[in-house]
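*Asks:* Quick one: the structure is below, questions incoming.
Nothing in this text is a laboratory measurement; each read-out follows from the coordinates by a stated rule. Model, not experiment: these values are computed from the prediction. Cβ atoms come from the backbone with ideal geometry, glycine included; neighbour counts cover every protein chain shown.
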Amino acid sequence: MAFGHRRSLLPVFFLCCLRICYTEHEQDSDVNCHQSSASTYTFVKHAVQAPAVSYYDYIIVGGGTAGCPLAATLSEKYSVLLLERGGSPYGNRNITELAYFSQNLADTSPASPSQRFLSEDGVINARARVLGGGSCLNAGFYTRASPEYVRDVGWDGALVNQSYQWVEKMVAFEPPMLQWQSAVRDGLLEAGITPDNGFTYDHMYGTKIGGTIFDRDGHRHTAADLLQYANPDGLMVLLHATVGRILFRQTGGAARPVAHGVVFHDAAGVRHRAYLNNGAKNEIVVCAGAVGSPQLLMLSGVGPRDHLESLAIEVVVDQPMVGQSMSDNPMNAIFVPSPTPVEVSLIQVVGITRFGSFIEGASGSNFASHYSQISRELRFGMFSAQTGQIFTINDMNDLPAASSSMRGGFILEKIMGPLSTGHLDLKNKNPDDNPSVTFNYFKEPEDLQRCVKGIETIEKVIQSKAFSRFRFQYISTEELLRMALNFPMNLLPKHDNASKSLEQFCKDTVMTIWHYHGGCQVGQVVDKDYKVVGVDALRVVDGSTFNFSPGTNPQATVMMLGRYMGIKIQTERRETDDEAERKS
Ligand SMILES: Cc1cc2nc3c(=O)[nH]c(=O)nc-3n(C[C@H](O)[C@H](O)[C@H](O)COP(=O)(O)OP(=O)(O)OC[C@H]3O[C@@H](n4cnc5c(N)ncnc54)[C@H](O)[C@@H]3O)c2cc1C
């Protein structure tokens, strides 16, 4: 019995109650932020209050999109420690309110819930640093993986469905369909992306309205809200707890190293250790995301020998595939200024084509701060103030000053897969720093062809009858492409022919849709049960394990996977316990 063990008593500070909607961010003082019922969690503490040493049945590293549902599920029967390097999402309007979506991505301060990184490809990207992970930063679109995807990865379909439903009960909603999003949907249908599948979470060819984690009032519900399912007596969540290393032991005669603890530091830089309780089935589960998980494995000595030795990291297991097969689905967009006002919307509609491109759109959001208020390094991509400027166009010859909000929207395409892959390497031994990441966008010609077909489809949507009231008739699509090329989407050089050659347009305007994955893939770094190959008592459960991005957008499946693996681990453990009891 997990709690009966001498060392399994949860630390005394567990009993202290935390008011979670505290102010970590300056803007909170003057804003009425949304506080969900999750704001009454009693099991969330700052790591500075943690003891030097503690013991649990499960230690989960990363309180993100997969880590939260996994922790909630395992806490039903076992003592669980969830370590998250970021702070709380509650009380931060940039997270809780739809209209402030872009603000986190433009916040490059060390306290930001979004840690910016620049891939070696020259594309600006972001990784989460907050309880709830990417679900606190993202555009909210909620849509399941296809049944074929579920079958191909070998998941149990019935348990997958139950796990999706468990997530959906708490955080998924049907979006309000206002005029601009309706025009995109109707334009997609006119462009031949049929049939009209109405509102559904399911992945089907054609055009559909998907789910969203924003409710009807524009309040975000995140993976952190799934902790409402947790057993408060079984869970301890520590915030601002950055894990620097997983500890292994290999006692005489043991065939493989066994993970048995972690070292983490709190916000004051003080180091703490957490160990697994005695018990062969207790485990450490890494849920640190597609950048954080391969990074942490390498920092802990699990990775390519030569690379680890070049940084004087002691090798626990030579695992050449850690950090390999990193992928990021390229995103390309056309910005469309509108003569009429548009609603503020993030992703609500998707066109799922048969040629491997997904078409989505967002509109009228406060994507750009006032130009004069932001520093040069913050002007990039669709969050550039130049984007705000273009959306205030009334007359092409009379460009008004940049506005704080844009009139219009952008229609984007993400390619399926992708087939192109890259790699992740450590730059140093600091877990707070970004590693170096290369995605090799469009290295595979098929990825480029998918992009070209996607842009052609977007052009048809823009030219459709349904969309006509949201575009200036006198601005040609070639002119729109030229405008897009003038935005600082990325740090790549632009080519003169890019508004005429869609191949060049795709390459020159490539952005991320933040669905990067890989680095600890199933079949390479972890086995089909998500156990790290070559060591014991260690799993990885998050987006780093995917070979391809699931569905049109991954978060539904990442949350589902956290729940799914929690149930699987419990079941596996119960079956072996029953077996042992029968034998005794
Ligand atoms: C801007 C943006 C928009 C997006 N839009 C959508 C969308 O509309 N729909 C959709 O489906 N998907 C979207 N996504 C993608 C989706 O959110 C991610 O794929 C998903 O959240 C990844 O989940 P994860 O569990 O793998 O990682 P994460 O959710 O990032 O969780 C990893 C967690 O681990 C923590 N961590 C990392 N290292 C350590 C360490 N050493 N110690 C302690 N903690 C650590 C991190 O702080 C983080 O909280 C978007 C993502 C972004 C960033």
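*Asks:* May I ask what percent, to the nearest 5, of DSSP beta bridges between residues of the chain are antiparallel?
*Replies:* Given both bridge residues lie in the chain, the antiparallel proportion sits at roughly 65 percent.
*Asks:* Relative contact order for segment 260-339: what is it in percent, counting Cα pairs under 8 Å that are at least 6 residues apart? Working shown, then result.
*Replies:* Working: 75 pairs, mean separation 13.8, N = 80.
In percent, rounded to a whole number, it is 17.
*Asks:* Next question. On a C-alpha basis, how far is the centre of segment 507-543 from the centre of segment 463-484 in Å? Whole number, if you could?
*Replies:* Taking the Cα centre of segment 463-484 as reference, the centre of segment 507-543 is 39 Å away.
*Asks:* Please compute the contact order of segment 444-584 in relative form: average sequence separation of alpha-carbon pairs under 8 Å and at least six residues apart, divided by the residue count, as a percent.
*Replies:* Dividing the mean separation by the residue count of segment 444-584 yields 15 percent.
*Asks:* Mind running the shape call on segment 70-207? Use the C-alpha gyration tensor, a ≥ b ≥ c as the square roots of the eigenvalues: rounded below 1.5 for a/c, prolate if a/b tops b/c, oblate otherwise.
*Replies:* oblate
*Asks:* Quick one: helix 289-299 against the long Cα principal axis of the chain, what's the angle to the nearest 10°, folded into 0 to 90?
*Replies:* Around 40 degrees separate the two axes.
*Asks:* Roughly how many nanometres apart are two label points built 7 Å out from the Cα toward the Cβ at Ser109 and Glu76?
*Replies:* Using points 7 Å along Cα→Cβ, the separation is 4.0 nm.
*Asks:* In a shell of Cβ-Cβ distance under 15 Å around Phe470, excluding Phe470 itself, what net charge do Lys and Arg (+1) and Asp and Glu (-1) give?
*Replies:* Local charge sum for Phe470: +2.
*Asks:* Moving on. Grab the other residues whose beta carbon is less than 14 angstrom from that of Lys208, score K and R as +1, D and E as -1, and report the net.
*Replies:* Around Lys208, the charge tally is -3.
*Asks:* Another question about this same structure. Give, in nm to one decimal, the length gained when the segment between Glu120 and Glu343 is fully stretched (0.36 nm per residue of separation minus the Cα-Cα distance).
*Replies:* Value of the extension gain: 76.7 nm.
*Asks:* Based on other C-beta atoms within 10 Å, arrange Ile411, Ile59, Ile124 from fewest to most.
*Replies:* Going from least to most buried by this count: Ile124, Ile411, Ile59.
*Asks:* Counting alpha carbon pairs within less than 8 Å and at least 6 residues apart, what relative contact order, in whole percent, applies to segment 174-263?
*Replies:* Working: 86 pairs, mean separation 15.7, N = 90.
The normalised contact order for segment 174-263 reaches 17 percent.
*Asks:* Could I ask something else about it? Once the other residues with Cβ under 10 Å from the Cβ of Leu74 are scored (Lys, Arg +1; Asp, Glu -1), what is the net sum?
*Replies:* -1
*Asks:* For segment 425-501, state which chymotrypsin sites (Phe, Trp or Tyr not before Pro) are in a DSSP loop and have at most 12 other beta carbons lying within 10 Å of their beta carbon.
*Replies:* Answer in residue order: Tyr474.
*Asks:* Can you put Arg144, Arg271 in order, fewest other beta carbons within 10 Å first?
*Replies:* Arg271, Arg144
*Asks:* What FRET efficiency comes out for the pair Glu479/Lys443, r = Cβ-Cβ distance, R0 = 51 Å, nearest 0.05?
*Replies:* In this case the efficiency is close to 0.95.
*Asks:* While we're looking at this one, here's another question. Tell me which of Asn277, Phe264, Ser102 sits at the most positive position along the dipole axis of the chain, charges placed on C-beta atoms (Lys, Arg +1; Asp, Glu -1).
*Replies:* Asn277
*Asks:* Which value in nm describes the separation of the simple spin-label points at Val315 and Asp202, placed 7 Å from the Cα toward the beta carbon?
*Replies:* Once both label points are built, they end up 5.0 nm from each other.
*Asks:* Explain nothing, just the number: dipole magnitude of segment 430-584 about its Cα centre with +1 on each Lys and Arg Cβ and -1 on each Asp and Glu Cβ, in debye rounded to the nearest 20.
*Replies:* The dipole magnitude comes to about 660 debye.
*Asks:* Please arrange Lys45, Lys429 by counting, for each residue, the other beta carbons lying within 10 Å of its beta carbon, fewest first.
*Replies:* Taking fewest neighbouring Cβ atoms as first place, the list is Lys429, Lys45.
*Asks:* Where in segment 276-342 are there GluC sites (Glu not before Pro) that are in a DSSP coil and have at most 14 other Cβ atoms within 10 angstrom of their Cβ?
*Replies:* Answer by residue number: Glu314.
*Asks:* Which of the trypsin sites (Lys or Arg not before Pro) across segment 525-576 are loop residues per DSSP, with 13 or fewer other Cβ within 10 Å?
*Replies:* On the way: sites: Lys528, Lys531, Arg539, Arg563, Lys568, Arg573, Arg574; in loops: Lys528.
Those that pass, being in a loop and sparsely packed, are Lys528.
*Asks:* Report the charge-dipole magnitude of the chain in Debye, nearest 20, computed about the Cα centre from +1 at each Lys and Arg Cβ and -1 at each Asp and Glu Cβ. Numbers along the way, then the final one.
*Replies:* Values: 51 positive and 60 negative charges, 155 e Å.
Around 740 debye, computed over the chain.
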